[in-house]
Structures are given as structure tokens and as C-alpha cells.
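This report refers to the structure that appears directly beneath it.
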Amino acid sequence: MHKLAVGVFLACATASAAMAGEGMWTPDNLPLAQLKSKYGFTPTAAWTAHAQRAALRLAGGCSGSFVSPNGLVLTNHHCVNSCVQQLSDADKDFIKSGFLAKEEKDEIKCPEIELNRLDAITDVTARVKGATAGKSGEAFGKADRAIKSEIEKECVAGNSASKRCDVVDLYHGGIYALYEYHRYQDVRLVFAPEFEMAFFGGDPDNFNFPRYDLDMGMLRAWEDGKPARVADFFPFSTDGAAEGEMVVTIGNPGGTDRQLTVAELESARDHDLIPRLLLLAEQRGMIEQFRSESPEHWRIGQHDLFSVENAFKALRGRLLALQDPAVFALKRAQEAELRTFVDADPARKAKYGGAWDAIANAMDAYRTVEARYKYIEARRGFFSEYYGHARTLVRGTVERGKPNAERLREFTDSRLPSVTQRLFSSAPVYPDYEQVTLGWSLRKLREALGTDDAFVRQVLGTDAPEALARRLVAGTRLGDPAVRRALWDGGAEAVAKSDDPFIVLARAVDPAARAIRSRYEDEVEAIVDQNSQLVAAARFEKYGTSTYPDATFTQRFSFGEVRGWDEKGTFVPPFTDIAGTFAHATGAYPFALPATWLAAKERLDLRTRMNLATTNDIIGGNSGSPLVNARGEIVGLVFDGNIHSLGGNYWYDERLNRTVAVHSSAILEALRKVYGADRLVRELESARR
């Protein structure tokens with residue numbers, strides 16, 4: 001983060017409106033006047049509706065898009081990586097070799113991927129706020145959860161297999177919107193390149209540019225035993241976008257904190273991010289040690305290591321942003337501007353003035369429950385697939401017996417299909433890895449809460465963490481999806497009678513986990529949510545909806561252009577090419593090209609553009625987003641940001657923040673000349689007609 005850049009930005013920034021390319025806009029509130037002024041582009045209602053339905057959300061945390069009428073989906077390799085690993089084994093390692101379905105019959109179902117197509121957005125603000133009016137604390141939280149569950153159940157209307165409905169808090173409770181999705185759970189793997197090519201450059205190149213990655217994967221949505229027919233999809237551009245051309249991302253940014261109060265940002269900086277980074281560093285070491293023990297362990301730990309390294313780099317960037325005095329000066333100035341507006345009118349002050357102090361007090365309350373909440377309820381102390389399945393069974397079978405509005409939110413009718421998809425997944429669970437990860441996390445539980453803590457003594461008894469992990473893993477049968485399904489179908493009674501050691505552990509832990517969750521929801525979450533509504537209402541009074549809401553892992557449009565940037569006096573061009581990919585290769589991981597690329601070098605047009613940089617405003621969750629031109633054609637596939645984008649959780653600077661994407665020409669060139677994916681190329685080309 002450049003202090004000078006932040007300082008210059010601070011001089012002209014206010015909280016009143018997004019600047020230039022900044023903004024993650026909901027599809028029902030695009031900045032039409034700004035777009036016309038800056039780019040000479042005014043998306044019509046039909047253009048926006050088509051883009052909304054052609055874009056997709058991967059429920060596990062990514063984005064994607066339909067690229068043919070036959071349900072073909074384009075996303076990132078790192079978004080399908082878990083599926084590729086789950087379909088692999090010691091004899092056929094698709095992570096290493098890549099995967100290509102030569103024929104439709106060769107497409108393999110991913111055990112845990114769900115696709116969501118956004119069909120409608122409905123404002124339900126009045127209904128939600130009416131249900132919580134006059135309530136506070138525990139009563140507010142209970143009413144808030146109940147009304148949201150009620151609205152979602154009405155929307156699903158007994159059709160949860162193909163319909164998903166989520167009530168979403170926008171502007172931190174200023175607006176509540178019902179997002180209605182078409183749900184696809186029969187999702188099949190079509191193509192994935194080798195990991196070496198998808199993550200070429202590895203962690204050293206991650207969040208950097210120039211880049212030379214083919215971070216792409218292809219899926220297909222199936223319905224009723226055949227490929228889904230879709231009316232809305234993005235055709236491919238063969239030439240891509242030119243430097244300076246306007247481009248649009250339509251994706252699902254996971255979350256930003258640009259509208260948080262200063263007290264919340266201070267809490268993240270001083271109490272949350274550093275412990276998380278230390279834990280991730282230890283976890284990385286644990287996984288690397290496991291991977292070093294054998295080729296099979298190397299394969300098993302690949303996905304988790306990628307996730308941990310990616311999270312570490314992203315969170316470190318956030319910490320550096322919050323530790324920059326100029327960034328905090330910007331945030332303080334924005335908050336002061338709004339509070340001055342509130343204080344200037346006695347009626348506004350009476351209505352909104354106490355909200356900031358209430359949120360600050362909730363942050364203090366969070367300190368008293370934080371460790372127990374994170375290690376018991378949020379499972380930092382129980383890093384285990386077996387334990388995750390056990391807790392789903394223990395909780396889910398009880399929650400299903402309650403009225404929908406009274407259940408824990410993750411077990412409501414609208415969300416149960418996602419729960420059961422994971423619970424009944426055929427993905428393998430690896431006992432050796434489980435033993436290591438659980439033993440490590442139990443040791444971290446003991447460190448966090450203390451050796452003499454009653455809960456720690458209840459869990460460990462007289463066992464060392466590693467010994468308990470060995471005993472639990474040796475005795476469980478929860479690796480078998482048929483056993484999990486039988487327990488789920490048998491209901492709370494069957495789970496209560498089970499002597500599986502992980503079920504026994506989950507039953508013992510659940511009362512303490514529920515208790516600390518209730519404290520967190522009532523003493524922290526409800527207070528923050530209620531008072532964030534007041535801050536949002538004050539912001540609306542001053543600025544209206546000229547600003548965009550913080551990201552919420554719901555669909556957003558970002559408008560930018562293909563452009564490089566000045567890096568300490570050196571211009572960074574916005575394009576790389578395939579020739580640069582070969583020049584960047586050293587033959588040693590992570591800069592080793594796979595054999596398919598080395599063999600194809602003479603066939604490739606080395607002038608073909610490989611990756612590109614744009615000014616689009618993105619964050620984690622945008623991975624796999626389509627990058628389209630004004631005609632709605634795919635010109636790129638978003639997979640990363642540059643190093644400056646890591647502070648994008650808190651602010652955006654168009655001069656430095658960049659989105660990084662795979663160029664559409666590189667995708668077509670690789671499919672044709674490296675992988676011989678003629679069937680897919682024909683499908684993409686026919687979609688252009």
C-alpha cells in the first residue's frame with residue numbers, strides 16, 4: 001500500500017459516492033448516469049436482465065457463467081479444484097494430469113458443487129424492519145432470524161430442490177432484499193487443466209501482475225438427467241478487449257468492509273487479523289509437513305494448502321491496509337462527515353446518534369466471547385471432516401423437528417438441500433490427514449482456552465490431543481456416506497443412540513457450542529445489526545442510494561476498463577502473452593510448464609494474449625466472474641487481483657487496484673492446440689451464431 005497514493009486519495013475522497021471505476025453495484029441499482037458520462041455506455045434493462053441470468057454463483061464461494069445454451073459453465077480452476085481433487089485418487093490424479101471429458105458421457109458429477117442462477121430480487125425491507133421494530137438485544141435477534149426464515153420458506157414454496165431463496169442484508173441492514181435463485185446440484189466436471197498450468201507461478205505470483213496463468217475450469221449444469229437448456233449465456237469473443245475498452249464483471253464478491261464503523265475496523269486490526277494470520281502460518285506448516293511424507297500425502301493436502309496460502313496473503317494485505325495511518329485517516333474522515341450531519345439536527349441525533357457508541361460497546365463485548373466462539377462454535381478447535389459431519393447430524397436431526405422459523409438459520413428449509421448435498425457427498429475422507437489436522441486443532445483449542453478450562457478437560461479428558469485424534473479416527477464409520485445417510489434418515493433418535501466416537505464427541509460439545517453461539521448472537525451480532533441499521537438510515541438520509549452496498553456474496557456488476565498502471569515510476573502494461581509464459585518458465589515448481597504445453601509450443605501462436613489487467617472493482621468471491629464487453633461477449637475470466645487490490649476490502653483506488661483475468665483468446669488457443677478439446681471449441685463457437 002502506497003502511503004502517498006492513499007494520501008492523495010484522501011484529499012479528494014468522501015463517503016458520498018463511488019469514484020470513477022469504484023463500485024460493486026446490485027443489478028437493480030446500476031449507476032447509469034456515471035456509466036454514460038465515463039464510458040458512453042448505458043446498459044438497457046434487457047441487457048442487464050440477460051447478464052444477470054447468464055452469470056452464476058458457485059455456492060461454495062466463487063462465481064461463473066453460462067457460455068452455451070447447453071448449460072456449459074466457465075469458471076476458475078481454483079473454484080473447481082475441490083471437485084477435481086474429490087474425483088481423484090492415487091491411481092488417477094486429475095490435479096496433476098488435468099481432466100477432459102471427450103464426450104458428454106464422460107462428464108463426471110462433482111460431489112459438492114451447487115450453482116445458483118439469480119432470477120429475481122424483491123425488496124422486503126418493510127417486512128423485516130416491521131418484525132424487529134421496538135425490539136433490542138436477544139428479542140431483536142430472534143425476531144430478525146424468524147422473519148427471514150419465514151420469508152425464505154414462503155419463497156421456496158416446497159420446491160427447495162431447484163429453488164433457493166436468501167434474505168440479504170444490504171447497506172448493513174439499510175435494505176433487506178429477497179434473492180431468488182434457480183438451484184443446480186447436478187453439476188459435472190467437463191474440463192480442468194493441470195494444476196501446474198492453472199496456478200503457474202504459484203504463491204510467489206499470487207496477487208501479482210504480470211501473470212501467465214490458465215486458471216480456468218469448465219462445468220456443466222444438468223437437469224432431469226440431461227444437460228440443462230438455458231436461454232441466457234455469454235458467447236465468447238475471439239479477439240478479446242482492446243486497451244482502454246470498457247469491460248464489465250458480473251460476479252459475487254464475498255464481502256467488503258468499506259462501510260464498517262471505525263470501532264469495527266479497529267477491532268479487526270487490533271484483535272482479529274493478527275491471530276488469524278498466526279494460526280494460518282502454523283496451519284500451513286502442518287500441511288506442508290504432512291505433504292512431505294509421501295506422494296499420496298502431497299496430493300491429499302494440495303487443496304487445503306492452496307486455500308491457506310491464498311487466505312494468508314489476502315489477510316496480510318488487509319492488515320497492512322488497516323495499519324496504514326492514511327487509510328485510517330480516510331475512514332475516520334468518512335465517519336466524521338456522517339456523524340457531523342447527524343449531530344447537526346436534534347431529531348437525527350436523537351434517532352441515530354447513539355449507534356456508533358453501541359457498536360463500539362458490542363466490539364468490547366465480543367472480546368469476552370471471541371476465543372470460545374471461534375474455537376468451539378466456529379470449529380477452529382475441531383478441524384476435521386468427520387467432526388463436521390457429526391455436528392451436522394447431531395444438530396440437523398434436532399433442528400429439522402422444530403418449526404422453520406425457530407431453527408438455526410443453516411437448517412431452514414431453503415438451505416437444507418445444501419446441507420444434505422455435503423453430508424451425503426461421495427467425496428473421500430482421508431483418515432491419515434484427519435488424524436493430523438484434528439490433533440493439531442485440538443492442541444490449538446487447548447492453547448486458546450487453557451489447560452485447566454472445564455470445556456478443554458471435558459473434550460480431552462486425560463488424552464493428549466494427538467492421542468484423542470488417533471482414537472476418534474480409528475473408531476469412526478462416518479467416512480461412509482451410506483452410514484451418514486442412515487443416521488440422517490433415522491432422525492434425532494438414531495443419532496442419540498449412535499456410539500460412533502465422533503457423534504459422541506459432537507453430542508458432548510453441542511451444549512457448550514450452542515450456549516456460546518447464543519451469547520454471540522444476542523450480545524454482539526444483534527447489537528451490531530440493529531445499530532448498523534441506524535447508521536445505514538443516516539447514510540441514506542445524507543447520500544441516498546448513490547453509493548453501493550458492501551459486498552454480501554450476491555451478484556454485483558463492476559464497470560472498468562483494460563488499463564495498466566504506474567508502479568513506482570515504471571508502467572505496467574495491461575497484457576501478457578503466451579510467449580511470456582514460456583519465457584517465465586524455469587522448469588522447477590511453481591514455474592514448471594506441464595508436458596502438454598511444452599509439446600504444443602510449436603503449434604501455438606505465441607503472440608496470443610494470455611492474461612490482462614483491468615480497473616474493475618473486485619474482491620474474493622469474484623473468482624470465476626465473466627469479464628464481458630458492451631456486447632455481452634466473454635473477453636476474459638477473472639481469477640485474481642494485483643497486490644494493491646488486497647486493500648480493496650476497505651477502499652478502492654482506480655490508479656492502482658487491478659483485476660487480473662485470463663484472456664478469452666488464450667482460453668480458445670489452449671483448448672484447441674494444447675488439449676485437443678475440439679468438442680468444447682465447437683460448442684463455444686456455435687454459441688456465437
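The values are calculated or read from the model by the stated rules, or taken from the named source; none is laboratory data. Note that this is a predicted model, so its numbers are computed, not measured. Virtual Cβ from ideal backbone geometry, glycine too; neighbours counted across all protein chains shown. The accessibility values were calculated without ligands, DNA or RNA, using every heavy atom of the protein model including side chains. Shrake-Rupley method; radii C 1.70, N 1.55, O 1.52, S 1.80 Å.
Of the residues ASP272, ASP257, only one is open to solvent by 10 Å² or more (accessible area, probe 1.4 Å) and out of contact with any helix residue (DSSP H, G or I) (no Cβ under 7 Å at 6 or more places or on another chain); which?
One residue alone meets the criteria, ASP272.
All of LYS444, LYS402 fail the test of being over 21 Å from the mean Cα position of the chain (by Cα), more than 19 Å from VAL504 (Cβ to Cβ) and not in a helix (DSSP H, G or I), apart from LYS402.
From the list LEU468, LEU472, LEU534, the one residue that fits, being surrounded by fewer than 22 Cβ atoms within 10 Å (Cβ to Cβ) and in contact with a Leu (Cβ under 7 Å, 6 or more places away or on another chain), is LEU468.
The residues on offer are ALA513, ALA486, ALA526, ALA506, and the sole one that is in contact with a helix residue (DSSP H, G or I) (Cβ under 9 Å, 6 or more places away or on another chain) and open to solvent by 30 Å² or more (accessible area, probe 1.4 Å) is ALA486.
Among the residues of the stretch 132-164, those identified as under 23 Å from ILE527 (Cβ atoms) and surrounded by fewer than 17 Cβ atoms within 10 Å (Cβ to Cβ) are ALA133, GLY134, LYS135, SER136, GLY137, GLU138, ALA139. Could you check how many residues of the stretch 629-648 are farther than 21 Å from PRO210 by Cα, among the charged types (D, E, K, R) and touching a strand residue (DSSP E or B) at 6+ places or on another chain (Cβ under 6 Å)? Of the residues in that region, 0 qualify. Number of residues in the stretch 532-556 that are of a type outside the set (A, V, I, L, M, F, W, C) and over 26 Å from the mean Cα position of the chain (by Cα) equals 5. Only one of the numbered conditions (1) within 30 Å of ALA329 (Cβ to Cβ); (2) within 16 Å of the chain's Cα centre (by Cα) is violated by GLU654, and that is (2).
If the condition is being of a type in the set (Ser, Thr, Tyr) and closer than 21 Å to GLN458 by Cβ, then the stretch 490-546 contributes SER498, SER518, TYR520.
Those residues that are of a type in the set (Val, Ile, Thr) and open to solvent by 10 Å² or more (accessible area, probe 1.4 Å), I need them from the stretch 630-676; list them, please. Hits for the stretch 630-676 are ILE643, VAL674.
Scanning the stretch 81-98 for residues that are outside any loop (DSSP other than H, G, I, E, B), closer than 19 Å to SER425 by Cβ and not hydrophobic (A, V, I, L, M, F, W, C) yields ASN81, SER82, GLN85, GLN86. For the stretch 495-529, a residue qualifies if it is free of Cβ contacts under 8 Å to residues at least 40 places away in the same chain and of a type in the set (A, V, I, L, M), and the qualifying residues are ALA496, VAL504, ALA515. Pairs are defined by a Cβ separation below 9 Å, a sequence spacing of at least 6 or placement on different chains, a first member in the stretch 25-42 that is within 16 Å of LEU170 (Cα to Cα) and surrounded by fewer than 17 Cβ atoms within 10 Å (Cβ to Cβ), and a second member that is at pLDDT 95 or above and of a type in the set (A, V, I, L, M, F, W, C); the pairs so defined are ASP28/ILE121; ASP28/ALA177. Checking the structure you have, find out if any residue of the stretch 356-366 is assigned to a helix (DSSP H, G or I), open to solvent by 70 Å² or more (accessible area, probe 1.4 Å) and free of Cβ contacts under 8 Å to residues at least 40 places away in the same chain. Yes, some residue in the stretch 356-366 is assigned to a helix (DSSP H, G or I), open to solvent by 70 Å² or more (accessible area, probe 1.4 Å) and free of Cβ contacts under 8 Å to residues at least 40 places away in the same chain. Of all residues in the stretch 291-313, those that are closer than 17 Å to VAL429 by Cα have Cβ atoms under 6 Å from Cβ atoms of residues that are of a type in the set (Gly, Ala, Ser) and open to solvent by 20 Å² or more (accessible area, probe 1.4 Å), 6 or more apart or on another chain, in GLU296/ALA90; HIS303/SER82.
Would a scan of the stretch 67-74 turn up a residue that is within 21 Å of PHE199 (Cα to Cα), within 20 Å of the chain's Cα centre (by Cα) and either surrounded by fewer than 16 Cβ atoms within 10 Å (Cβ to Cβ) or at pLDDT 95 or above (or both)? Among the residues of the stretch 67-74, at least one is within 21 Å of PHE199 (Cα to Cα), within 20 Å of the chain's Cα centre (by Cα) and either surrounded by fewer than 16 Cβ atoms within 10 Å (Cβ to Cβ) or at pLDDT 95 or above (or both), which makes the answer yes.
Scan the stretch 378-399 for residues that are surrounded by fewer than 23 Cβ atoms within 10 Å (Cβ to Cβ) and in a loop (DSSP other than H, G, I, E, B) and the total you get is 4. The residue that is farthest from ASP432 (Cα to Cα), counting only those in the stretch 367-399 that are over 24 Å from the mean Cα position of the chain (by Cα) and basic (Lys, Arg), is ARG367. Taking the stretch 91-111 as the range and being surrounded by 14 or more Cβ atoms within 10 Å (Cβ to Cβ) and touching a strand residue (DSSP E or B) at 6+ places or on another chain (Cβ under 9 Å) as the test, the residues that pass are PHE94, ILE95, GLY98, PHE99, LEU100, ALA101, GLU104, GLU107, ILE108, LYS109, CYS110.
With respect to LYS3, is the statement that it is surrounded by fewer than 19 Cβ atoms within 10 Å (Cβ to Cβ) and modelled with pLDDT of 95 or more true?
On the way: surrounded by fewer than 19 Cβ atoms within 10 Å (Cβ to Cβ): yes; modelled with pLDDT of 95 or more: no.
The answer is no for LYS3.
For the stretch 168-207, which residues satisfy the criterion of being open to solvent by less than 20 Å² (accessible area, probe 1.4 Å), of a type outside the set (A, V, I, L, M, F, W, C) and in a loop (DSSP other than H, G, I, E, B)? GLY174, PRO193, GLU194, GLY201, ASN206, listed by residue number.
When TRP597 is tested against (1) of a type in the set (Phe, Trp, Tyr); (2) within 22 Å of PHE236 (Cα to Cα); (3) crowded, with 22+ Cβ neighbours inside 10 Å, just one condition goes unmet, and that condition is (2). Just name the residue that is farthest from GLY624 (Cα to Cα) out of those in the stretch 554-591 that are open to solvent by less than 10 Å² (accessible area, probe 1.4 Å) and aliphatic (A, V, I, L, M). Once the filter is applied, the top-ranked residue is ILE578.
Of everything in the stretch 606-620 that is touching a residue at least 60 places away in the same chain (Cβ under 8 Å) and open to solvent by 10 Å² or more (accessible area, probe 1.4 Å), the residue that is farthest from LEU656 (Cα to Cα) is THR608. I'd like to check something: does the stretch 54-66 contain any residue that is at pLDDT 95 or above, under 30 Å from PHE200 (Cα atoms) and assigned to a helix (DSSP H, G or I)? Yes, that holds for at least one residue.
Scanning the stretch 405-432 for residues that are more than 24 Å from the chain's Cα centre (by Cα) and of a type in the set (Asp, Glu) returns GLU406, ASP432.
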